Amino acid sequence: DEVLKNTQLEIDLFRKEQSRLLSSHLGVDKKKIEFLDHHTCHAYYAYYGSPYRVSDCIVVTLDGIGDGRNQTVWKVSNDKFELIAESSENDIGRIYKLATLLLGMRPDEHEFKVMGLAAYAKKSHVEKAFKVIEDICVVEGMRIVSKERPEDLYTYLKKCWESHRFDNIAGAVQELTEQIATKLVRNIAIQTGVSRFVLSGGIAMNVKMNKAISEIDEVREIFVCGSGGDESLSI
């Protein structure tokens, strides 16, 4: 229970176990094992795969969680990264994951199906399903933060959505994703004066969200690598 309540303790203990296992399995000294930050890897993967190497740009990472964070904002100039905002209160990924589970599909794998289902929902019905999640997290400046987040998010969503149809739930989650992401990127563009964006992290695999961001007046250019999910962290 102590570990479950303390994210940093969980990370520290897991890294000790990883070091022990790698050292034993590969026969290398533990001192030679180095850990790279999850969101820094997301950001580097996206930036170094982009065509913006000679131009100032903003890299935004959005995901469920990774090394204690689920949102970062980096200002990059001449290959130099400056972290200008971060958050651990971005619940978009968690809500998407739980919606996938509640709809009887496989979490962390079938979120793309939920995104696809969203297109078949009627706006009036989506609005009703959206109301129960619209204030769970909000945008403040360049950060996504908690607002009216229930302690038990799974039970809350299960109860609130039990009378809503599957396509309307999917539409509500997609609406939240697009509203939060577009407002965040707009704020970043206004505050930094930079209109060139690179997106990464698992949430950046949502192509409908990426399309919505590309249509913002404040965004002049946008680039998303093939997949910003965890499978590209090693790159």
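The values are calculated or read from the model by the stated rules, or taken from the named source; none is laboratory data. All of these numbers come straight from a predicted model, not from anything done at the bench. We place every Cβ from the backbone using ideal geometry, glycine too, and count neighbours over all the protein chains shown. Just so you know, the surface numbers come from the protein's heavy atoms only, side chains and all, with ligands and any DNA or RNA stripped out. Shrake-Rupley method; radii C 1.70, N 1.55, O 1.52, S 1.80 Å.
Scattering from the C-alpha atoms of the stretch 79-205 alone, worked out with Debye: what is log10 I(q)/I(0) at q = 0.21 1/Å? Cα-only, vacuum Debye calculation for the stretch 79-205: -1.25.
For ASP230 and HIS125, the FRET efficiency from 1/(1 + (r/R0)^6), where r spans their Cβ atoms and R0 equals 22 Å, is about 0.10. FRET efficiency for ASP152 and PHE81, Cβ-Cβ distance as r, R0 = 30 Å, nearest 0.05? Calculated value: 0.25. Starting from the Cα gyration tensor of the stretch 105-177, take the square roots of the eigenvalues, sort them a ≥ b ≥ c, and report rounded, prolate or oblate (rounded when a/c is under 1.5, otherwise prolate if a/b is larger than b/c, else oblate). It comes out rounded by the Cα gyration axes. Of all aspartates and glutamates in the structure, those lying under 18 Å Cα to Cα from LYS16, and not within fewer than 8 positions of it along the same chain, are GLU2, ASP29, GLU34, ASP37, ASP67.
Between amide H atoms placed 1.01 Å from N, distances below 5 Å from ASN70 occur with SER87, SER88, GLU89, ASN90, all of them 5 or more places distant or on a separate chain. When peptides 167-180, 41-54 are sorted by average Cβ neighbour count within 10 Å, with the highest value leading, the order is 167-180, 41-54. The stretch between LYS183 and LEU101, if pulled fully straight at 0.36 nm per residue, gains 26.8 nm over its current Cα-Cα span. Residues whose amide H comes within less than 5 Å of that of ASP56, counting only those at least five positions distant or on another chain, are absent (H built at 1.01 Å from N in the peptide plane). Karplus-based coupling profile of the stretch 130-147, in residue order and whole Hz: 6, 4, 7, 10, 5, 10, 5, 9, 9, 9, 10, x, 10, 10, 9, 10, 6, 10, with θ = phi - 60° in 6.51 cos²θ - 1.76 cosθ + 1.60 and x standing for Gly or Pro. Taking the DSSP bridge list for the chain and keeping only pairs wholly inside it, about 70 percent are antiparallel.
For the chain, the share of accessible area belonging to carbon and sulfur comes to 50 percent (1.4 Å probe, ligands and nucleic acids excluded). Pairs over the 24 Å Cα-Cα cut-off, from the set LYS5/LYS131; LYS75/LYS97; LYS113/LYS211; LYS122/LYS147; LYS122/LYS208; LYS113/LYS159: LYS5/LYS131; LYS75/LYS97; LYS122/LYS147.
Short-range pairs are left out: with C-alpha atoms under 8 Å and at least six residues apart, the relative contact order of the chain is 22 percent.
Shape analysis of the chain places it in the oblate category; the axes a ≥ b ≥ c from the Cα gyration tensor give an a/c of at least 1.5, with a/b not above b/c. Amide H to amide H, with H built 1.01 Å from N, ILE222 comes under 5 Å of PHE197, counting only residues 5 or more places away or on other chains.
3J(HN,Hα) along the stretch 3-8, derived from phi through the Karplus expression 6.51 cos²θ - 1.76 cosθ + 1.60 where θ = phi - 60°, amounts to 5, 5, 8, 10, 4, 5 Hz, with x in place of Gly and Pro.
What the chain shows is 55 Å² of accessible area per residue, with the surface traced by a 1.4 Å probe over protein heavy atoms. Per-peptide packing, taken as the mean over residues of other Cβ atoms within 10 Å, places 15-21, 226-232 in the sequence 226-232, 15-21 from highest down. When only Cα pairs below 8 angstrom with a gap of at least 6 residues are kept, the stretch 121-235 shows a relative contact order of 24 percent.
Coupling constants for the stretch 215-229 follow from the phi torsions by the Karplus curve (6.51 cos²θ - 1.76 cosθ + 1.60, θ = phi - 60°), and in residue order they are 8, 6, 4, 6, 9, 8, 9, 9, 9, 10, 5, x, 7, x, x Hz; glycine and proline get x.
In this simple spin-label model, placing a label point 7 Å from the Cα along the Cα-to-Cβ direction at both ILE65 and ILE190 gives a separation of 3.2 nm. Shape class for the stretch 17-85: prolate, because the ratio a/c of the largest to smallest gyration tensor axis (alpha-carbon atoms, square roots of eigenvalues) is 1.5 or more and a/b beats b/c.
Report the Cα centroid-to-centroid distance between the stretch 52-107 and the stretch 1-29 in angstrom, as an integer. The stretch 52-107 and the stretch 1-29 have Cα centres separated by 23 Å.
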